[in-house]
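The values are calculated or read from the model by the stated rules, or taken from the named source; none is laboratory data. None of the values given here were measured: they were computed from a predicted structure. In this analysis, Cβ positions are derived from the backbone assuming ideal geometry, glycine residues included, and neighbour counts consider all displayed protein chains. Side chains are part of the model used for accessible areas, which takes the heavy atoms of the whole protein and leaves out ligands, DNA and RNA. Shrake-Rupley method; radii C 1.70, N 1.55, O 1.52, S 1.80 Å.
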Amino acid sequence: MQTITLHSFDGGIHPQENKHQSTQTAIAQLPLPTQLIIPISQHIGAPADVTVSVGDSVLKGQQIAKPKGFISAAIHAPTSGKVVAIEKRELPHSSGLEGICIILDTDGKDQWLEEINNGSLAINEYLEADNELLINRIRDCGITGMGGAGFPTAVKMAVQNRTIDTLIINGAECEPYITSDDMLMRERALETLRGVQILLKLTSAKSCLIGIEDNKPEAIQAMEDALHKIHREHHIAVVKIPTKYPSGGEKQLIKILTGKEVPSAGIPADIGIVCQNVGTCEAVYHAVAEGKPLISRITTITGESIEQPQNVEVLIGTPVKDLLGYAGFKQEKSLFQKLLGSKSKTESKPRIIMGGPMMGFTLSSDELPILKSSNCILAPSQKELPANDIASACIRCGLCTEACPAELLPQQLYWFSKAGELDKAEQHNIADCIECGACSYVCPSQIPLVQYYRHTKGAIKDERAAQQKSDRSKIRFEARQARLDREAAEKEAKRQARAAAAEKAQAAKKAAAAEALSKQTTESAEGVDENTSTDAPAETKNPEPVDLEKLQKQLDAAQAGLKKSMDKVAELKASASEDGVENAPIENLDVFEKAVATRRDKVKLLALQIAEAKKLAPPVKKEVSREDIEKKLRAQKDRLAKTKERVDLAKEQGLDSLPALQKGLDKQMQKLKELEEELAQFDKAGA
Amino acid sequence: MSSNFVNITSPHAHGGNSTSRIMLLVILATVPGIIALTYFFGWGNLINIALASITAIICEALILTIRKRPISFFLKDNSALLTAVLLGIALPPFAPWWVTVVAVSFSMVFAKHLYGGLGNNPFNPAMVGYALVLISFPVQMTTSWASPFFLHLGTIGAEQTLSFTESLQVIFSGTTSLSDAFSGATPLDTYKHLAKNETANEILQGPLFSGSENNWFAGGWEFVNIAFLVGGLALLALRIFTWHIPFSVLAALGTCSMIFGWDADLYVPWSLHIFTGATMLGAFFIATDPVTASTTPLGKIIYGAGIGILIFVIRTWGAYPDAVAFAVLLMNFAAPLIDTYTQPRTYGHDKANRGLPTKPDASDKEG
């Protein structure tokens, strides 16, 4: 064994290991279950795309879902059978959410896919093979991390632009009760090491360190023996590390073996390290050397409620109750519990944990399936892992700070979480919490600390999303305000320009008028007066009549053109309906219809312009003839007579409308007088 | 849809530690010190401890009833008992019963429960109670100290200290009628006053100091302090608290007194500072109160050093004979600020995020 300097990480705890119960027998093979429930999302990344349909028969190792996108993994049928349903089922996850699962009824034949069976997929000289070929094989076989997180291995191995100098293989298995990696290393050390060789080749790392805790002497020995058999490899070393929870955490193991720390919010590849679980290595070997996809794994079934705790090789998708049935699940009698006097109400039901006692989550039913990442099913008794007492107050003793492997201040994080001070929690690096549970383990007040941190992490994420949304809205709003302001400013500028120009023209006009006043007659004077009373039209008065005429001519021409086009269209339509042929005339029809539309628009535009011009132009003084005035005079006299009658009637009858009528009468008399004056003036002018 | 299996989140294993166990261990660690006190100074301390404990439990039960909390759940965490024991040790042995009662009830009600109970108080409750009675009843607090038994040898004869019943009488009679033969000032007080006129050697020849083997220690008190030191080290070994606070209190106090006490004729020498008065009690049992102390490792050192320095300053230039209570209370004020600026570095970061969280503002974007 190579001796390298071991470092250590701050904190950590030493819980009771409880591993001896499940290492008494060799790995057993679980008998074939009747039905398998295979979720399409068992890995980090996008769920796989289903490639089979209900009713299809599949063979063992056949792909039933393909990877979707770069970070995804394929799913294969763990045994031969028939797909009976593809539907949403509850997933074995702490959220209890549902996900699409492929339900497979097994046929008992356990028949492999032909190309795997005849060995045609085997890559024999895998250490000389092309890296891309190997990675594609790993991807096609759906290999994901088997340590618990389930990251697609092909993605992790595609290191591309990063140089990796150390490959770390995680055989630590620090959580109590779990022994699946231990048994794997004891019984299948050679395959595991061959898998390690493949990974070493893919990363071109300079050295490989296999970290195994010192509570697994048999495993260490087995791996050492197997290493001797592979005499080619000088770069692989088995390293014994002290037993401490959580030294199996990726970040902690890297620190122990290399002394380097993975940067916060970064990945180990950033510091030239790649970390893989021993189970993943074995799966990689089988995929490359035999073409076998990942369809089964070794799972520990243990706890005081299990009659025969052991390690079992299970097919992916096996319902947990098959495993419990095989190993024997003894439920405690509730009467016995009552005699014992359980402390809390929640403890009346049994508990099934998927994972270990520190980081595992409880399952709500035993129908849930085993996934690629399920390394343990733990069924404890009430006495073995009692539920926490009611939490008392935090006395700030600091035991949690001493235990934290991420060198955080869990106590402060707890106070900030309780108070809802998310900014302070973020500043105290709550994002670096690996949720290992060491702090809750040591807390004398039995405070469920990890629950607070999970909640706060979620709250911070929510708040950030809301903040981003409001930032985007703010940017949009400000842009809109700016646009409105800009448009208003432009309008204002135009108005100012027009006003200035108008003033200038006005001044020029005044000068011209003053000149003309001495020469011209009363009419011109009146014309000038009228002109000065209005601002805008003054400048356009002189060119106005010319434009108006021109516009009118244009309008007539346009209207004529429009009429022509409309007639043509009508003609074409008529001929088409006669012939009954739809094809040839249609093209021309399009053209003419377009012409109609353009000409109509032109007519409209001209009409609008004319209306504008007329509005601006002052009312043309019509030549008034003497007859017109006389006619008006006569009409007014008639009206006056009529009104006089009405007034007299009103006076007689004493009607209320009298004052109004009187007023009307007065107005009419005024008008009459004006007309008579006009007539007189006309005569005077004429004469 | 109810399930047949219980749903609890991780972790499922617990180490078995409990708050009541921690408090009980701390109380047990004071036993050597209490034995030494009783041996040298009589029954006063024991009676006070008993009285304080009863008062504390009654007060806490009353206030929990007013707060509508379950009484047994909160009483069984032993925190009231611990405060009472510490006060019983700290108060003068012959202090009238009402001094003890006032101190304990004030600390329970005002210094602990009005802030929300255990864990929520910013100031050390025992020290709040002590400071209150020290300022409110200065006569009783300065004249009720007992003198060590060896001073009575030869003067009264067989009687070395007051008997149990006589002690009870003194305490419960409510008067400060303790005869001069049994009361005495503390060694620190004595040295400080005598230093104005006498040299170190002359002082150390005095009756209070000559009772010990080595004249540099004060009779009786050094054993009491050593007993508390033993108890404190036991707690350290049991990992009830970390070494940071006691070590820095003693180091700071020792350093200050060594610097100044070089001239033993003018200043109290370091041996007296460390081994008399409530130094060891303060360093291991009072300053380490986790609720009110700083929480970060570097912060604890600063906090402890601050206490040590303040103890020296108040003892040397202040009007009070013993300064542990005030020093601790003053540093309690500073603890949150110290915490904010002494955050440790987290795994994966280059340096620690110290200080208050900064809000991102417009200037950041432009910069």
> Quick one: putting +1 on the C-beta of Lys and Arg, -1 on the C-beta of Asp and Glu, what dipole do you get for segment A:55-103 around its Cα centre, in Debye to the nearest 20?
Replying inline: 160
> For segment A:9-125: lysine pairs with Cα atoms under 21 Å, gap of 8 or more or different chains, count?
Replying inline: 6
> Taking only Cα atoms, what is the 0 to 90° angle, nearest 10, from helix A:410-419's long axis to the longest principal axis of chain A?
Replying inline: 40
> Quick one: which of A:312-324, A:488-500, B:113-125, A:449-461 comes out on top by average Cβ neighbours within 10 Å, and what's the full order, highest first?
Replying inline: A:312-324, B:113-125, A:449-461, A:488-500
> Rounded to a whole number, what % of the accessible area of chain B do carbon and sulfur atoms account for, probe 1.4 Å?
Replying inline: 67
>> Strictly greater than 23 Å: what percent of every Cα pair in segment A:169-261 meets that?
In response: 19
> Given H placed 1.01 Å from N in the peptide plane, which residues other than close sequence neighbours of A:SER264 have an amide H under 5 Å from its amide H?
Replying inline: B:HIS349
> Taking a temperature of 25 °C and a viscosity of 0.890 mPa s, what whole-number D in µm²/s does Stokes-Einstein yield for segment B:53-100 with Rh from Kirkwood over alpha carbon pairs?
Replying inline: 213
> Largest first, what is the accessible-area ranking of B:PHE94, B:PHE260 with a 1.4 Å probe?
Replying inline: B:PHE260, B:PHE94
> How big is Rg to Rh over chain B, alpha-carbon atoms, Rh as the Kirkwood inverse-mean-distance radius?
Replying inline: 1.04
>> Counting only other chains, and only Cβ atoms inside 10 Å, what mean value do you get across the residues of A:352-360?
In response: 3
> From the phi of every residue in segment A:39-51, what ³J(HN,Hα) in whole Hz does the Karplus formula 6.51 cos²θ - 1.76 cosθ + 1.60 yield, where θ is phi - 60° and glycine or proline is x?
Replying inline: x, 8, 10, 10, 9, 6, x, 6, x, 6, 8, 5, 10
> Over all directions, what mean area does the Cα convex hull of segment B:1-111 project, stated in square nanometres?
Replying inline: 10.1
> In segment A:188-329, how does Rg compare with the Kirkwood Rh, expressed as the Rg/Rh ratio over alpha carbon atoms?
Replying inline: 1.00
> Between chains A and B, what is the buried accessible area summed over both chains (1.4 Å probe, protein heavy atoms, nearest 100 Å²)?
Replying inline: 4700
>> If you wrap a convex hull around the alpha carbons of segment A:20-378, what volume per residue comes out, as a whole number of Å³?
In response: 145
>> Starting from a Cα-only point model with no solvent, please compute log10 I(q)/I(0) by Debye for segment A:148-201 at q = 0.20, 0.26 1/Å.
In response: -0.92, -1.22
> Given A:LYS240/B:LYS300; A:LYS229/A:LYS330; A:LYS615/A:LYS671; A:LYS216/B:LYS351, which pairs have Cα atoms separated by over 32 Å?
Replying inline: A:LYS240/B:LYS300; A:LYS229/A:LYS330; A:LYS216/B:LYS351
> If the cut-off is a Cα-Cα distance under 16 Å, which aspartates and glutamates reach A:LYS469, setting aside same-chain residues fewer than 8 apart in sequence?
Replying inline: A:GLU478
> How crowded by other chains is A:386-397, given as the mean number of beta carbons from other chains within 10 Å of each beta carbon?
Replying inline: 6
> Which length gain, in nm to one decimal place, applies between A:LYS642 and A:ARG476 when the Cα-Cα distance is subtracted from 0.36 nm times their residue separation?
Replying inline: 52.8 nm
> Hey, which aspartates and glutamates would be in cross-link range of A:LYS457, C-alpha to C-alpha under 18 Å, not counting anything within fewer than 8 residues on its own chain?
Replying inline: A:GLU407, A:GLU421, A:ASP423, A:GLU426, A:ASP432, A:GLU435
> How large, in Å, is segment A:355-398 by the Kirkwood hydrodynamic radius built from its alpha-carbon pairs?
Replying inline: 13.3
>> What number does segment B:268-340 give for Rg over Rh if you use C-alpha atoms and the Kirkwood radius?
In response: 0.97
> Which ³J(HN,Hα) values in Hz, rounded to whole numbers, follow from the phi angles of segment A:80-93 under the Karplus curve 6.51 cos²θ - 1.76 cosθ + 1.60, where θ = phi - 60° and Gly and Pro get x?
Replying inline: 7, x, 10, 6, 9, 6, 10, 8, 7, 9, 5, 8, x, 8
>> Placing +1 on the Cβ of each Lys and Arg and -1 on the Cβ of each Asp and Glu in the protein assembly as shown, which of B:ILE309, A:ASN588, B:TRP270 has its Cα farthest towards the positive end of the resulting dipole?
In response: A:ASN588
> If you count, for each residue, the other Cβ atoms within 10 Å and average over each peptide, how do B:78-89, A:149-160 line up from highest to lowest?
Replying inline: B:78-89, A:149-160
>> Need one value for A:439-450: mean number of C-beta atoms belonging to other chains within 10 Å of its residues' C-beta atoms.
In response: 5
>> With N set to the number of residues, divide the alpha-carbon radius of gyration of chain A by 2.2 N^0.38 Å and report two decimals.
In response: 1.79
>> Under 5 Å between amide hydrogens, which residues at least 5 positions from A:LYS60 or on another chain qualify, with H placed 1.01 Å from N in the peptide plane?
In response: A:SER80, A:GLN111, A:TRP112, A:LEU113
> Spin-label point model (7 Å from Cα, Cβ direction): what's the A:VAL54 to B:ASN17 distance in nm?
Replying inline: 5.5
> Based on the Cα coordinates of segment A:396-495, what is the per residue volume of their convex hull in Å³?
Replying inline: 97
>> Between 0 and 90 degrees, rounded to the nearest ten: what's the tilt of helix A:278-290 against the longest Cα principal axis of chain A?
In response: 90
> Hey, can you rank A:50-63, A:287-300 by average C-beta count inside 10 Å, highest first?
Replying inline: A:287-300, A:50-63
> Relative to the first principal axis of the alpha-carbon coordinates of chain A, what is the inclination of helix A:217-229, with its axis defined by its Cα atoms, in degrees from 0 to 90 and to the nearest 10?
Replying inline: 90
>> Just to confirm a number: summing +1 for Lys and Arg and -1 for Asp and Glu over residues other than A:CYS141 whose beta-carbon lies under 10 angstrom from that of A:CYS141, what do you get?
In response: +1
>> I need the P(r) histogram for segment A:123-281: all alpha carbon pairs, bin width 10 Å from 0 out to the longest distance, whole percents.
In response: 11, 43, 38, 9, 0
>> Whole-Hz ³J(HN,Hα) for each residue in segment B:231-243, computed from phi via Karplus 6.51 cos²θ - 1.76 cosθ + 1.60 with θ = phi - 60°, x for glycine and proline: what do you get?
In response: x, x, 5, 4, 5, 4, 5, 7, 6, 6, 9, 9, 5
